[in-house]
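The values are calculated or read from the model by the stated rules, or taken from the named source; none is laboratory data. Computed from a predicted model, the values in this text were never measured in an experiment. Reconstructed Cβ throughout: ideal geometry from the backbone, glycine too, with neighbour counts over all protein chains shown.
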Amino acid sequence: MARYIVGLTGGIGSGKSAAADAFQALGITVVDADWAARVVVQRGRPALEQIAEHFGADVLLKSGELDRARLRQLVFENEDERRWLEGLLHPLIREEIVQALAAASSPYAILESPLLIESGQDTLVQRVCVVDLPEEMQIERASARDRNDPEQIRKIMAAQLPRVERLQKADDVLDNSGDLASLTAQVHALHAHYLELAAAGQ
């Protein structure tokens, strides 16, 4: 396991993936919590059966795979259902993440997770890096990327940690209100800092 792990987080449409790609381009192992979340609900996995039993067969596609859009719709409209789903999936996702981090061989590793703090995954990391931008810009970018209704984006944001609280938890902040070149330059600066921290074992 990489001895030093940095948690990379931010709200929907903040640019986490772009930041993660920039770290990866520098040779750093990035473990994506969204990847782990997809793995645990694959066909044949017990979690998928439990989800279908709980929500009904219409959360499955004809192929037998999870209809993620349908499930998202159900849980974001119902707080209790979202809590039930998180209670089922978060421990399984954590298990996948721990295994992937254990295989990391770069000087430090990045755990990219939209719910790093909310899910308790921040206990797996030594440092928290938040990708941040103004909320209106966040809604605009997420709507354009996912072709989602801005209202749906707002619901997703409401289920995530408020921006102010997320920033309070940050050790480092990447300001993504500019262009990709600006974000990449900030990543390069943090990379140098993280290499020093990892070498010092801090």
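Remarks
- Flag if residue 169 is modelled with pLDDT under 80 and at negative phi: no
- Where a residue in the stretch 1-30 is under 25 Å from residue 144 (Cα atoms) and touching a residue at least 40 places away in the same chain (Cβ under 8 Å) and its partner, wherever it lies, is among the polar types (S, T, N, Q) and in a strand (DSSP E or B), with Cβ under 8 Å and at least six apart: 16/9
- Unmet criterion (only one of (1) within 17 Å of the chain's Cα centre (by Cα); (2) more than 30 Å from residue 197 (Cα to Cα); (3) part of a helix (DSSP H, G or I)) for residue 75: (1)
- Total residues in the stretch 84-114, condition crowded, with 17+ Cβ neighbours inside 10 Å and within 24 Å of residue 26 (Cα to Cα): 14
- Candidates are the residues of the stretch 1-17 that are within 15 Å of residue 127 (Cβ to Cβ) and not β-branched (Val, Ile, Thr); the one that is surrounded by the fewest Cβ atoms within 10 Å (Cβ to Cβ) is 3.
- Whichever residue in the stretch 148-202 is among the hydrophobic types (A, V, I, L, M, F, W, C) and part of a loop (DSSP other than H, G, I, E, B) and, among such residues, is farthest from residue 69 (Cα to Cα): 170
- Every residue from the stretch 18-46 that is surrounded by 18 or more Cβ atoms within 10 Å (Cβ to Cβ), assigned to a helix (DSSP H, G or I) and not aromatic (Phe, Trp, Tyr): 19, 20, 22, 33, 36, 37
- For the stretch 93-141, the set of residues classified as small (Gly, Ala, Ser) and not in a helix (DSSP H, G or I) consists of 103, 104, 105, 106, 109, 113, 119, 120, listed by residue number.
- Restricting the stretch 47-56 to residues that are of a type outside the set (Phe, Trp, Tyr) and either at pLDDT 95 or above or assigned to a helix (DSSP H, G or I) (or both), the residue that is surrounded by the most Cβ atoms within 10 Å (Cβ to Cβ) is 51.
- Candidate set from the stretch 1-38 (those that are of a type in the set (Val, Ile, Thr) and under 19 Å from residue 157 (Cα atoms)); member that is modelled with the lowest pLDDT: 12
- Residue, nearest to residue 153 (Cα to Cα), within the stretch 57-83, restricted to residues that are among the aliphatic types (A, V, I, L, M) and loosely packed, with under 12 Cβ neighbours inside 10 Å: 69
- Sub-8 Å Cβ pairs linking a first residue in the stretch 142-155 that is under 16 Å from residue 10 (Cα atoms) to a second residue that is polar (S, T, N, Q) and modelled with pLDDT of 75 or more, at least 6 apart or interchain, are 153/138; 153/143, ordered by first then second residue.
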